[in-house]
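J.: A single structure is presented below for examination.
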Amino acid sequence: MRHPRLPPIVLFAARLLAACLATVPAHSAPEAPAAPRNLPKYVVGACAGCHGTSLEGGSAPSLVDATWKFGGSDDQIAASIRVGNPQAGMPAFGGSLSEKDIRGLVVHLRELASKASQRTNPAPRLNEKALNSSRLHSFLIETSTSNLVEPWSLAFLPDGRSLVTEKGGTLRVIVAGVAGAPVVGTPPVDASGQGGLFDVVPHPEFARNGWIYLIFADPQKKSDGKVQSMTAVVRGRIQGNTWNEQEVVFRAPLSTYRGSGGVHFGGRMAFDRAGFLFFSIGERGQGPDAQNLSLPNGKIHRVHDDGRIPADNPFVAQAGAMPSIWSYGHRNPQGLRIDPATDLLWEHEHGPRGGDELNRIQRGRNYGWPLATYGINYNGTSITDLTARADLESPLTAWVPSIAPCGLSVYSGDRFPLWKTHLFVSALGSKELRRIQIKEGQVVDQEIILKAPGRLRDVTTSPDGLIYLLLPDRVARLVPGGP
Ligand code: HEC
């Protein structure tokens, strides 16, 4: 090999390196850059030859640098793959790949592009020692309550105390920043797999009636003696440090309970201004059930505060339908909050690989899982090429790649005036806090406010207008700071 223009020292170094490499034992030999995980063979084979092993560029341009000659929307990228640009050397794949496969490729490209941009342009990391800045506000992060284990939900009481649940099954009362011992007598939970104790929400008239609502993975013994679980809702009152006067608000038929180590319980609750209680149940890993109105999973439900069925629920008159269902076609909703100013009900849910959704929930509507989705299967194969269908509700935004959202707050305080009415989303997978601004039903701005070192399970606004965030071992709050 000739290296015409290289100075001798470089040539020497290169030869030395080559000589060293030749003598390294085989097991530590440098490997070719790893092919992206989970990519179907046809991607590596059919694209990597020109676009590079990780599609970061070869003889053909990079597909992961967020610059698109022919447009970067999902549809435009799909069109580039389908029709190609044969004169310039990009083959048309429309004949050899199905629309499902092309959709799968678009998700792969988005995942790779997101990883590449995290490397070159990382989101700000949560900084507890200095001012954190974001586009609209600067803030400090303060720990407000420590010594927790996987806190899942935080709720403020009108008397200044707050309540926190831990996934493992404990409910604690926080007084002046200090979490008390677990409240005695709360219901047992199935904490295996994705199960556990989820949301805690006080009754809107808590000051008068003292009711506190819990939603959790409820373990029950079936007729064959096996203990299985399903999402259930109870309410009770805390007297001293004891859970008393428990009433069941919602418990699904035993036939719908599933084995332990289960997935997709949903587990959020929200009261609207009229005092109706909404709550979410994930599809429990049974996608098609989300479309079956006789089953409770994959649905948002609506009941009176004591569990009675409201007469104006959408499916009360439909034979065989569960009368508590308010909307359906959901995968795993772990964000559900009412905007106190507008009474709009916002929801987000985990999609499969790619395809987490932010939705506005409306009476009786079908949100499409698993008939239409922006995501693909975890093993890289496609579910459907349909991201939308006229008779199904489309999300306001879909996160591809997935962020695994868990926790939602509509900011309604005064301490961060430019954030008023914006949605805040915390996330398990991407460990980030996102701000989302919506105008006239459209997402007009979205920003990653911070990346945390661990999974984030809830974000909520306190009555005094601060934003509280559940870190894996404590509660922290965002406090305005800086100029
Ligand atoms: C034989 C070489 C070759 C193969 C194989 C190939 N491409 Fe390309 N591709 C190109 C070239 C060259 C361009 C640039 C075309 C141009 O600039 O007009 C391109 C452009 C593209 C673009 C448009 C990029 C932009 O900036 O808008 C996409 C998307 C794309 N390729 C995806 C793929 C995918 C996915 C595969 C595998 C299924 C693939 N390509 C396989 C050569 C190839």
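J.: Looking only at the range 81-103, how many residues end up being among the small types (Gly, Ala, Ser) and over 18 Å from SER382 (Cβ atoms)? Don't jump to the end; show me each part of the working.
T.: To start, the set of residues in the range 81-103 that are among the small types (Gly, Ala, Ser) comprises 84, 88-89, 92, 94-96, 98.
Applying the additional criterion that residues be over 18 Å from SER382 (Cβ atoms) yields 84, 88-89, 92.
The number of residues fulfilling the criteria is 4.
J.: Here is a further query. Among the residues that make up the range 251-258, is at least one of them outside any loop (DSSP other than H, G, I, E, B), open to solvent by 60 Å² or more (accessible area, probe 1.4 Å) and touching an Asp or Glu at 6+ places or on another chain (Cβ under 9 Å)? Working first, answer last.
T.: Going residue by residue through the range 251-258, those that are outside any loop (DSSP other than H, G, I, E, B) are 251, 254-256, 258.
Retained after the next criterion (residues that are open to solvent by 60 Å² or more (accessible area, probe 1.4 Å)): 251, 254-255, 258.
Now restrict to residues that are touching an Asp or Glu at 6+ places or on another chain (Cβ under 9 Å): 251.
Yes - at least one qualifying residue is present in the range 251-258.
Here's the yes/no breakdown for (1) near the ligand (Cβ under 8 Å from one of its atoms); (2) at pLDDT below 90:
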position: GLY45; (1), (2): no, yes
position: CYS50; (1), (2): yes, no
position: GLY57; (1), (2): no, no
position: PRO61; (1), (2): yes, no
position: LEU97; (1), (2): yes, yes
position: VAL107; (1), (2): no, yes
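J.: Right, next: LEU136 is checked against (1) assigned by TED's automatic domain parsing to the domain that holds ILE436; (2) under 24 Å from GLY429 (Cα atoms) and fails just one. What number does that condition carry?
T.: Of the numbered conditions (1) assigned by TED's automatic domain parsing to the domain that holds ILE436; (2) under 24 Å from GLY429 (Cα atoms), the odd one out for LEU136 is (2).
J.: Here is a follow-up. For residues that are within 19 Å of TRP369 (Cα to Cα) and buried (at least 24 other Cβ atoms within 10 Å of the Cβ), tally how many sit in the range 260-285.
T.: Result for the range 260-285: 11.
J.: Somewhere in the range 94-102, is a residue touching a Phe, Trp or Tyr at 6+ places or on another chain (Cβ under 8 Å), open to solvent by 40 Å² or more (accessible area, probe 1.4 Å) and farther than 18 Å from GLY49 by Cα? Spell out the reasoning first.
T.: Step one: filter the range 94-102 for residues touching a Phe, Trp or Tyr at 6+ places or on another chain (Cβ under 8 Å), giving 97, 101-102.
From what's left, open to solvent by 40 Å² or more (accessible area, probe 1.4 Å): 101.
After this cut, where a residue has to be farther than 18 Å from GLY49 by Cα as well, the list is 101.
Checked against the condition, which is being touching a Phe, Trp or Tyr at 6+ places or on another chain (Cβ under 8 Å), open to solvent by 40 Å² or more (accessible area, probe 1.4 Å) and farther than 18 Å from GLY49 by Cα, the range 94-102 yields at least one hit.
J.: All but one of (1) modelled with pLDDT under 95; (2) more than 31 Å from the chain's Cα centre (by Cα); (3) open to solvent by 80 Å² or more (accessible area, probe 1.4 Å) hold for ASP75, so report the exception by its number.
T.: (2)
J.: Output the residues belonging to the range 468-483 that are on the phi < 0 side of the Ramachandran plot and part of a loop (DSSP other than H, G, I, E, B).
T.: Within the range 468-483, PRO472, ASP473, GLY481, PRO483 meet the criteria.
J.: Scan the range 6-18 and give yes if some residue there is more than 8 Å from the ligand (Cβ to nearest atom), at pLDDT below 50 and either surrounded by 14 or more Cβ atoms within 10 Å (Cβ to Cβ) or acidic (Asp, Glu) (or both), otherwise no. Explain how you work it out, then say what you get.
T.: Step one: filter the range 6-18 for residues more than 8 Å from the ligand (Cβ to nearest atom), giving 6-18.
Right, trim to at pLDDT below 50 and you get 6-18.
Keeping just the survivors that are either surrounded by 14 or more Cβ atoms within 10 Å (Cβ to Cβ) or acidic (Asp, Glu) (or both) gives none.
No, every residue in the range 6-18 fails to be more than 8 Å from the ligand (Cβ to nearest atom), at pLDDT below 50 and either surrounded by 14 or more Cβ atoms within 10 Å (Cβ to Cβ) or acidic (Asp, Glu) (or both).
Okay, residues lined up against (1) of a type outside the set (Asp, Glu); (2) open to solvent by 60 Å² or more (accessible area, probe 1.4 Å); (3) farther than 20 Å from ASP391 by Cβ; (4) at pLDDT 95 or above:
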| position | (1), (2), (3), (4) |
| --- | --- |
| ILE309 | yes, yes, yes, yes |
| ASP312 | no, yes, yes, yes |
| GLN318 | yes, yes, no, yes |
| MET322 | yes, no, yes, yes |
| TRP326 | yes, no, no, yes |
| ARG331 | yes, no, no, yes |
| ARG337 | yes, no, yes, yes |
| ALA341 | yes, yes, yes, no |
| LEU345 | yes, no, yes, yes |
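For (1) open to solvent by 40 Å² or more (accessible area, probe 1.4 Å); (2) more than 20 Å from the chain's Cα centre (by Cα); (3) without any contact (Cβ under 8 Å) to a residue 60 or more places away in the chain, each residue gets a yes or a no:
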{"position": "ARG363", "(1), (2), (3)": "yes, yes, yes"}
{"position": "GLY368", "(1), (2), (3)": "no, no, yes"}
{"position": "THR381", "(1), (2), (3)": "yes, yes, no"}
{"position": "THR384", "(1), (2), (3)": "no, yes, no"}
{"position": "ALA388", "(1), (2), (3)": "yes, no, yes"}
{"position": "GLU393", "(1), (2), (3)": "yes, no, no"}
{"position": "SER409", "(1), (2), (3)": "no, no, no"}
{"position": "GLY413", "(1), (2), (3)": "no, yes, yes"}
{"position": "LEU418", "(1), (2), (3)": "yes, yes, no"}
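The values are calculated or read from the model by the stated rules, or taken from the named source; none is laboratory data. Keep in mind that this is a model prediction, so the values were computed, not measured. Please note: Cβ atoms are built from the backbone with ideal geometry, for glycine as well, and neighbour counts cover all protein chains shown. Remember, those area values only see protein heavy atoms, side chains included, never the ligands or the DNA or RNA. Shrake-Rupley method; radii C 1.70, N 1.55, O 1.52, S 1.80 Å.
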